[in-house]
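The values are calculated or read from the model by the stated rules, or taken from the named source; none is laboratory data. Note that the structure is predicted; figures quoted are calculated from it, not measured. All Cβ positions, glycine included, derive from the backbone under ideal geometry; neighbour counts span all protein chains shown. Note: accessible area is taken over every heavy atom of the protein model, side chains too, but ligands, DNA and RNA are not part of it. Shrake-Rupley method; radii C 1.70, N 1.55, O 1.52, S 1.80 Å.
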Amino acid sequence: MLVLLAGIFVVHIATVIMLFVSTIANVWMVSSSSFGTVSTGLWLLCNKTCNQLSVKSGDETSLKVVQAFMILSIIFSVVALILFVIQLFTLEKGKRFYMTGAVMLVCWMCILIAVSIYTARFTGKTQYVTNPHHGYCFILAWICFCFSFIIGILYLVLRKK
């Protein structure tokens, strides 16, 4: 049981780190242009230099929502990690990690909303570029989506022994 809890803790820390990387780095979409490789993220458009990401006025709200939900997912994931450590030392034997699991599933829902909106609104809609494809940050966000769901369910099922 101790090994299982340690494994979940390590995966949870890895999920937090991957959420930070996927939110901060600017490689959600990668494409080619006459100027070279172009990468766009949630914050910047990078070619050889990085500039503020400009989107159409209709997509600006969607981008802000994606940014907000990715930040919320980081916050909920960190809160769940802290809550897990607190519950690990204060929870009575035989009790389940309900609060930690619930917070982690809220994190999962935030990731789902953010990545789904990004997929629907921004995939392949960059102008003046060829061969657009998803970058590693987009893939990391989907991996975090899977990990946070698995971790959240495991927290709900596991008992402290």
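Please give the per residue accessible area of the chain, computed with a probe of 1.4 Å over protein heavy atoms only, in Å². It would help to have the intermediate numbers written out before the result.
Numbers: 8680 Å² over 161 residues.
Each residue of the chain exposes 54 Å² on average to a 1.4 Å probe.
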**Request:** Enter the accessible area of Met1 (Å², nearest 10), with the probe set to 1.4 Å and all protein chains included.
**Result:** 80
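Counting each DSSP H run of 4 or more residues in the chain as -39500 (n - 2.57), what helix-only mean residue ellipticity at 222 nm follows after dividing by all residues, to the nearest 500 deg cm²/dmol?
Values: 4 runs with 104 residues, N = 161.
Mean residue ellipticity at 222 nm (helix-derived): -23000 deg cm²/dmol.
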**Request:** Tell me, for the chain, which Cys residues have no other cysteine's C-beta sitting closer than 4.7 Å.
**Result:** Cys107, Cys110, Cys137, Cys144, Cys146
**Request:** Identify the chymotrypsin sites (Phe, Trp or Tyr not before Pro) of region 11-94 meeting these criteria: DSSP loop state and at most 16 other C-beta atoms within 10 Å of the C-beta.
**Result:** Phe35, Trp43
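Let me have the relative contact order for region 37-78, percent, based on Cα pairs under 8 Å that are six or more residues apart. Kindly include the intermediate steps, with their values, before the conclusion.
Numbers: 24 pairs, mean separation 10.2, N = 42.
Taking the mean separation of contacting Cα pairs over the length of region 37-78, I get 24 percent.
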**Asked** How would you rank 45-52, 5-12, highest first, on the average number of other Cβ atoms within 10 Å across their residues?
**Response** 5-12, 45-52
**Prompt:** When all protein chains stay in place, what accessible area (Å², nearest 10, 1.4 Å probe) is found for Thr15?
**Reply:** 0
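For the chain, what does the relative contact order come out to in percent, with C-alpha contacts under 8 Å and a separation of six or more? Walk me through the numbers on the way to the answer.
Details: 241 pairs, mean separation 53.6, N = 161.
Averaging sequence separation for qualifying contacts and normalising by length gives 33 percent for the chain.
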**Prompt:** Carbon and sulfur atoms: what percent of the 1.4 Å accessible area of region 40-145 do they account for?
**Reply:** 68
**Prompt:** Dipole of the chain (Lys/Arg Cβ +1, Asp/Glu Cβ -1, origin at the Cα centre): which of His133, Ala68, Val157 lies farthest to the positive side?
**Reply:** Val157
